[in-house]
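These notes are about the structure you will find just below.
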Amino acid sequence: MQTPDKKQPFLSRLKGKIHKSPFIFRASRYVFIRLRLAWLFVKWLKYKASFKLNRNGLNTTEQRPKKIIASLTSYPARIGIVPYVIGSLLNQTMKPDKIILWLGEDKFPEKKLPDIFDEVRECGVDVEFRKDIGPHTKYFYALKEYPEDIVITFDDDWIYDADVIEGLCMSYSRNPGCVSAMRVEEAKFLDDGKLADYNDFDTLGGIPGHASHCYFASGVSGVLYPPHSLHTEAFNLEAMMRLCPKADDIWLRFMEMLNGTRTVLVAHKSALNIGVPGFMVYNSQLTSLAEANVFGGANDRQMRAVLDAYNTWPEGKTLLEIMREDADSVE
């Protein structure tokens, strides 16, 4: 039996009315096409701006008690698009003091990079070669070598809005004891109290301005780490590569929790752009960790491994109990 029209979902009824009226149908297509063109134009302007490697993109005038270090990593398949990402970081409303691209020595054995990196270096960007430790390369060396400064990590496949660093630093000023993230994945629990699978976390979850142990900072959007926000175990390279070699977001969340550090979702206009400020570089996902981590279940395997190793480390309460308390506080 067909559902009466009045019981059809609103969007379905609206779509039916549009198709029944040639005038409304043509007008809606006209509006949609122009909105689409406007969106593409804005996107093109952002791309164009990111192509510009601003030679004045680093802070050289303001004396800050803590330097702002923008940190990222990449690998050969994506090295050609990284200058565009760096370009967006060189055009920020709040200039970083340093931008460091960490590259694996084994992946770039002769340290040979595309010619455009000559210009990248002329803009003051540091390119450092270290032992490759997968996605952990993005933060590991920056946090170890600049322990008293603010480290903001960025992904190598995203064009960042011009006010991302400003938004993260505003959040840090309000929440100096928290990791600040433009986007978080909120952990969920089953009825029996067990942690849900990673794929069942709320991908665009969280309350802006709220801090929680249940928030896993999403690296794609930019994440700010205050000095000493991680437990010293975070730098146990052997344990990291054995338990969680490909899921830096998961490793970092539990290392933050061991240190009593919550993650706060930034209450900033950039974070309201469907939870992700900026946009992905075209064709950047031809190679990525998502297929194995998200679709292949590797995130769950690594999360369970980390919990098996560290769940009982805190005195009095387990890591899962600490998370559950934060989850209950917002229900």
Which residues, taken from segment 125-154, are over 20 Å from P226 (Cβ atoms), surrounded by 18 or more Cβ atoms within 10 Å (Cβ to Cβ) and out of contact with any strand residue (DSSP E or B) (no Cβ under 6 Å at 6 or more places or on another chain)? I133, G134, P135
All but one of (1) among the hydrophobic types (A, V, I, L, M, F, W, C); (2) closer than 26 Å to I207 by Cβ; (3) modelled with pLDDT of 95 or more hold for F279; which doesn't? (3)
Yes or no: V330 touching a His at 6+ places or on another chain (Cβ under 8 Å) and either exposed (fewer than 14 other Cβ atoms within 10 Å of the Cβ) or at pLDDT below 95 (or both)? yes
Would you please list the contacts, defined by Cβ atoms under 7 Å and residues six or more apart or on different chains, that run from a residue in segment 68-97 that is more than 12 Å from G57 (Cβ to Cβ) to a residue that is assigned to a loop (DSSP other than H, G, I, E, B) and among the small types (G, A, S)? V82/S74
Could you grab me the full set of residues in segment 83-116 that are farther than 23 Å from C169 by Cα and touching a helix residue (DSSP H, G or I) at 6+ places or on another chain (Cβ under 9 Å)? P83, L103, G104, L113, P114, I116
Only one of these conditions is not met by I18: (1) modelled with pLDDT of 95 or more; (2) in contact with a Ser or Thr (Cβ under 8 Å, 6 or more places away or on another chain); (3) not basic (K, R). Which number is it? (1)
Failed item in (1) over 20 Å from L89 (Cα atoms); (2) buried (at least 17 other Cβ atoms within 10 Å of the Cβ); (3) at pLDDT 90 or above, with G205 passing the rest: (3)
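Which of the residues belonging to segment 282-327 are part of a loop (DSSP other than H, G, I, E, B), under 20 Å from K246 (Cα atoms) and at pLDDT below 60?
In the first step, residues of segment 282-327 are kept if they are part of a loop (DSSP other than H, G, I, E, B); the result is 282-283, 287-289, 296-297, 311-318.
Imposing the further condition that a residue be under 20 Å from K246 (Cα atoms) reduces the set to 287-289, 296-297, 311.
Once the filter is applied, which keeps residues that are part of a loop (DSSP other than H, G, I, E, B), under 20 Å from K246 (Cα atoms) and at pLDDT below 60, segment 282-327 yields T287, S288, L289.
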Determine, yes or no, whether P176 is assigned to a loop (DSSP other than H, G, I, E, B), touching a residue at least 60 places away in the same chain (Cβ under 8 Å) and more than 13 Å from the chain's Cα centre (by Cα). no
With respect to T60, determine if the residue is hydroxyl-bearing (S, T, Y), exposed (fewer than 15 other Cβ atoms within 10 Å of the Cβ) and either at pLDDT 75 or above or within 30 Å of Y225 (Cα to Cα) (or both). yes
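The values are calculated or read from the model by the stated rules, or taken from the named source; none is laboratory data. Bear in mind the structure is a predicted one, so any value in this text is a computation, not a measurement. Backbone-built Cβ (ideal geometry, glycine too); neighbour counts: all protein chains shown.
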